[in-house]
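Remarks on the structure that follows.
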Amino acid sequence: MTGSFPDAAHDLLQCVGGRSFGSVLADPPWQFTNRTGKMAPEHKRLSRYATMSLAEILTLPVAAIVDDPAHLYLWVPNALLPEGLRVLAAWGFTYKSNLVWHKVRKDGEPDGRGVGFYFRNTTELILFGVRGRKARTLAPGRSQVNIIRSRKREHSRKPDELYSLIEACSPGPHLELFARGARSGWTSWGNQAADYAPDWPTYAHNSQTDTHAGASQRLAHSSPGEDDTRGAPAKARRPRRAPGASE
Ligand SMILES: C[S@@+](CC[C@H](N)C(=O)[O-])C[C@H]1O[C@@H](n2cnc3c(N)ncnc32)[C@H](O)[C@@H]1O
């Protein structure tokens, strides 16, 4: 199940409309080897979202829509680290460092509910790359530790703490690729950037119940200045609870 957008590259260029960005956050719909397991985004029954082939991700014209200098924050599943590094380079960035998301329970202990063929993953990586000269992080970056500890929510949902970290450490304008819901002050692109709420069985703690999440919005391809609904609460459709839900 690939390509819910027939031409993602074309759609992306149309969305940004000639603008360029100082920072990009991307969370691609990677394809896993085991596409029938519950972990897979395109799992038939759970049908969470379509995925893209590595070739499709590699050819996205990200290099054409960024400033010099620019920063890239790229989410990559632990099993696909080599592919993540390839994508980072193909998009015109040089790998510099990484940030770790440590998924913890309410009591602060590691959240072991996830899956993993070799180890049970309680962490995910964000590859950090730069391009251009004078591409260091902004002053707050020098004291920013490279770990985010927070509770996990529904399948694939990433921590909102990353937005404020990027806003503090990296130059704007800020662009999110493969966004699920829009974000105040950011340009958001992706086939769920307009309207998103999980409609599959998931954890009780999710982006709709998490009051910390706050800034989820529903404007497609929204940009700073175009959006009247900033700060509006996320869609109030509550996902069904499934104690056995896995990701
Ligand atoms: C890994 S999820 C992003 C999750 C997001 N960072 C979050 O925290 O909720 C990948 C997203 O890419 C979207 N997507 C899949 N194929 C796409 C395509 N061809 N063009 C644009 N977006 C696509 C999926 O629908 C999904 O919303």
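Values in this text are rule-based calculations from the coordinates and carry no lab data. This is a predicted model, so every value here is computed, not measured.
Table for the structure above
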item: Two-decimal ratio, region 8-221, of alpha-carbon radius of gyration to 2.2 N^0.38 Å; result: 0.98
item: Spatially near lysine pairs across region 8-221, Cα under 25 Å, sequence gap of 8 or more or different chains; result: 12
item: Interchain or long-range residues, amide H under 5 Å from Asp67's placed H; result: Phe21, Gly22
